[in-house]
1. Pairs only if they're at least six apart or on different chains, beta carbon under 8 angstrom, first in the stretch 233-249 and over 10 Å from residue 172 (Cα atoms), second exposed (fewer than 14 other Cβ atoms within 10 Å of the Cβ); list them, first residue then second.
2. Out of (1) free of Cβ contacts under 8 Å to residues at least 60 places away in the same chain; (2) closer than 25 Å to residue 97 by Cα, what's the single condition that is false for residue 197?
3. Determine whether residue 183 is buried (at least 17 other Cβ atoms within 10 Å of the Cβ) and assigned to a loop (DSSP other than H, G, I, E, B).
4. When you check residue 177 against the structure, is it under 19 Å from residue 132 (Cα atoms) and surrounded by 12 or more Cβ atoms within 10 Å (Cβ to Cβ), yes or no?
5. Is one or more of the residues making up the stretch 189-207 within 14 Å of the ligand (Cβ to nearest atom), in a helix (DSSP H, G or I) and under 21 Å from the mean Cα position of the chain (by Cα)?
6. Could you tell me which of the residues 40, 65, 23, 93 is out of contact with any strand residue (DSSP E or B) (no Cβ under 6 Å at 6 or more places or on another chain), in contact (Cβ under 8 Å) with a residue 12 or more places away in the chain and more than 24 Å from residue 188 (Cβ to Cβ)?
7. Might you let me know whether the stretch 113-126 holds any residue that is within 12 Å of the ligand (Cβ to nearest atom), under 24 Å from residue 35 (Cα atoms) and in a helix (DSSP H, G or I)?
8. Looking at (1) over 30 Å from residue 198 (Cα atoms); (2) in contact with a strand residue (DSSP E or B) (Cβ under 8 Å, 6 or more places away or on another chain), can you tell me which one residue 112 breaks?
Ligand SMILES: NC(=O)c1ccc[n+]([C@@H]2O[C@H](COP(=O)([O-])OP(=O)(O)OC[C@H]3O[C@@H](n4cnc5c(N)ncnc54)[C@H](OP(=O)(O)O)[C@@H]3O)[C@@H](O)[C@H]2O)c1
């Protein structure tokens, strides 16, 4: 029997991971409804069906319109990928209110808007898979991008909670934590910097920022292989809740879990010291 085509809704297909994923799904002969802020994207494909819609994910009304237009195109949405996002570099103390809101509006609120507008359709059809792009920064951050990490931790919390809420509707949730992938992410076409700089942070966040600048174009992760991994997860009968991508991310996640586990044990007595004392029954 022929494999049933999946209908994908992917945000941010103009470049990077979103573009790779759109091309991989099309190569699988699937249907992709991709969004980009300009409404255009140079997607290479000889199979599959591609639709492009304009969308700035930080604007709720645009999200509502785009998701509903996408659903009417083929009468269903099988896979929703919240991919659009960018990184903000700079110490937390230097981050302005506008810079912080903008980071959260795109990376977190955008993801939430898409989910909120897609869920009525997914619930009605009784199936669906929501893939949210987080980052290894959403599990094990270092200094230099606190607001980016905060936006991705928010995506993590939303995703795990959502998985509990929608499992019984037949909807899967996977939150993806990539390490460094060779996209535009670290290039000046995408990355943003806080306008303010404090020299006292040169050795902490400043060091991270310099390191990331030098890493642009040399990242270990191949976006086409990330796309292949995401497709494998979507095709799986038992997809994971978390998908760490890249050897760098795997190493950082493992280190974080080991250190967290050791800290839990070290402070266990204090953790367990705060419950009301049970008085022995007379
Ligand atoms: N590459 C990495 O190393 C890495 C690591 C961990 C996580 N990630 C995550 O992976 C996702 C994709 O990043 P990437 O590496 O592919 O970066 P990228 O090459 O810079 O592409 C980012 C994409 O997001 C879109 N975008 C940004 N802000 C948007 C907005 N407000 N509304 C709609 N689209 C918007 C961009 O569209 P325009 O062309 O219109 O700007 C572009 O299509 C992001 O969520 C990122 O945080 C990436």
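What follows draws every value from the coordinates through simple rules; no lab data is involved. These numbers were taken from a predicted model, which means no experiment stands behind them. Note: ideal-geometry Cβ built from the backbone for every residue, glycine included; neighbour counts use all protein chains shown.
1. Close Cβ pairs (under 8 Å, with a partner that is exposed (fewer than 14 other Cβ atoms within 10 Å of the Cβ)) amount to 233/240; 246/220; 247/220; 248/220.
2. For residue 197, the failing item is (1).
3. Numbers: buried (at least 17 other Cβ atoms within 10 Å of the Cβ): yes; assigned to a loop (DSSP other than H, G, I, E, B): yes.
The answer is yes for residue 183.
4. Details: under 19 Å from residue 132 (Cα atoms): yes; surrounded by 12 or more Cβ atoms within 10 Å (Cβ to Cβ): yes.
Criteria met by residue 177.
5. Start the filter on the stretch 189-207 by keeping residues that are within 14 Å of the ligand (Cβ to nearest atom), which leaves 189-192.
This time we only want the ones that are in a helix (DSSP H, G or I), so: none.
No - not one qualifying residue is present in the stretch 189-207.
6. On the way: 40 fails: more than 24 Å from residue 188 (Cβ to Cβ); 65 fails: in contact (Cβ under 8 Å) with a residue 12 or more places away in the chain; 93 fails: more than 24 Å from residue 188 (Cβ to Cβ).
It is 23.
7. Narrowing the stretch 113-126 to residues within 12 Å of the ligand (Cβ to nearest atom): 113-114.
With the extra rule that they be under 24 Å from residue 35 (Cα atoms), the set shrinks to 113-114.
If we keep only those that are in a helix (DSSP H, G or I) as well, we get 113-114.
Yes, the conditions are met somewhere in the stretch 113-126.
8. Residue 112 satisfies every listed condition except (2).
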